[in-house]
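Enquirer: Mind having a look at this structure? Questions to follow.
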Amino acid sequence: MIPSPFTADQRLRTLIDENCLLLMVLSRFGLPLHQANQSVDDVCRGAGVDSATFLAVANLVTGRPFTPDGVRVSSLLPYLKKAHSYFLDFFLPSIRRKFLYAYDMSHSSDVVGTILRFFDDYVDEVRRHMNYENEVLFTYVDALVAGRPVSDDFSIEVFASHHDAISDKLNRLKDVLIRYSLTGNTDMINSVLYDIINCESDLISHCEVEDRLLVPAVAALEASAGRVASGRDRSLAGADSAELLGEREKEIICCVARGMSNKEIADRLCISIHTVTTHRRNISSKLEIHSPAGLTVYAILNGLIDPNDINL
């Protein structure tokens, strides 16, 4: 049974009691914990945070029904920036320190050294990923919100079509640590594993917030500002690319934009999952868009779906 969504009139403490993951959400929105006995709406108002945006994130990360409608980019962007700082400046370095403590590096095996290099390479990858968002995406969105001129060479579709998950390698690292059962400080090794599992889950949620809340919100801003994609992306946002698609493919894109799984799409359209998979592969080939977020933006820009109809 899917739990009911959180609402603005609930006490903030009720949300925290329901799911402790929301402590991180509070921190990233800058909401004061000592006011948790007040309503969500009152705490958000006092902190200058849009309550609808906070609730959209809170409901999304806890698996509750949510809607991107009413999400304010001006409240969401500081949340995402603080999340980047948390991962890069605190959580990932903390995991590394624990790893070094768990294994005596002066007597460690080649396997431990290899794992550490793998982790360091992964952190470098995450840093490049988030620095790109900080320096390019967020700068673009800030300018768009402020009404300042923006580059014709970038759009939210450019970002969304290349926005890949960054948590997969952590899952592999976790499997390696479990499989090899390396000798060391058992309690600290377990703590490292626990942090890796939590970090993986947190990164997945972070990317979902970007894909399911930020991307549609920025796409709506672009549409209201009369912006169209340029360069390579004109072919994706214009009528020509839509003409490449069959009606069934357009239906599937709309289903993807609504956050439906392949099974849900198959049930909705009375076709097999294999057929859905084939259509999605063909769609990706035709449009050169390989992520659900990219297809969502495509659907919005090409008028296949109204942003208000998206229920991710």
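The values are calculated or read from the model by the stated rules, or taken from the named source; none is laboratory data. Please read these numbers as outputs of a predicted model, since none were measured by experiment. Every residue, glycine as well, gets a Cβ built from its backbone with ideal geometry; the counts of neighbours run over all protein chains shown.
Enquirer: Only helices (runs of 4 or more DSSP H) wholly contained in region 41-127 count here; list those with 2 or more residues that are surrounded by 15 or more Cβ atoms within 10 Å (Cβ to Cβ), of a type outside the set (A, V, I, L, M, F, W, C) and over 22 Å from the mean Cα position of the chain (by Cα). I'd like the intermediate steps shown before the answer.
Expert: Details: elements: 51-61, 73-85, 92-102.
Correct list: 92-102.
Enquirer: Does any residue of region 259-276 turn out to be surrounded by 14 or more Cβ atoms within 10 Å (Cβ to Cβ), modelled with pLDDT under 80 and touching a Ser or Thr at 6+ places or on another chain (Cβ under 7 Å)?
Expert: no
Enquirer: Filter region 139-156 down to residues that are in a helix (DSSP H, G or I) and of a type in the set (Val, Ile, Thr) and give me whichever is nearest to the chain's Cα centre (by Cα).
Expert: First, the residues of region 139-156 that are in a helix (DSSP H, G or I): 139-146, 156.
Checking which are of a type in the set (Val, Ile, Thr) leaves us with 139, 141, 145, 156.
Values: 139: 18, 141: 16, 145: 20, 156: 14 Å.
In this case the residue turns out to be 156.
Enquirer: Determine, yes or no, whether residue 159 is part of a helix (DSSP H, G or I) and either within 19 Å of residue 294 (Cα to Cα) or of a type in the set (D, E, K, R) (or both). Full working, then the answer.
Expert: On the way: part of a helix (DSSP H, G or I): yes; either within 19 Å of residue 294 (Cα to Cα) or of a type in the set (D, E, K, R) (or both): yes.
The answer is yes for residue 159.
Enquirer: Could you tell me whether any residue of region 72-92 is assigned by TED's automatic domain parsing to the domain that holds residue 218, modelled with pLDDT under 90 and touching a Lys or Arg at 6+ places or on another chain (Cβ under 9 Å)?
Expert: no
Enquirer: Can you pull out every residue in region 18-27 that is surrounded by 16 or more Cβ atoms within 10 Å (Cβ to Cβ) and over 27 Å from residue 258 (Cβ atoms)?
Expert: Correct list: 24, 26.
Enquirer: Does residue 136 fit the bill of being assigned to a helix (DSSP H, G or I), β-branched (Val, Ile, Thr), under 16 Å from the mean Cα position of the chain (by Cα) and surrounded by 14 or more Cβ atoms within 10 Å (Cβ to Cβ)? Walk me through it before giving the result.
Expert: On the way: assigned to a helix (DSSP H, G or I): yes; β-branched (Val, Ile, Thr): yes; under 16 Å from the mean Cα position of the chain (by Cα): no; surrounded by 14 or more Cβ atoms within 10 Å (Cβ to Cβ): yes.
When the stated conditions are applied, residue 136 does not pass them.
Enquirer: So, in region 133-183, exactly how many residues are modelled with pLDDT under 85, of a type in the set (Asp, Glu) and closer than 28 Å to residue 287 by Cβ?
Expert: Within region 133-183, residues that are modelled with pLDDT under 85, of a type in the set (Asp, Glu) and closer than 28 Å to residue 287 by Cβ number 4.
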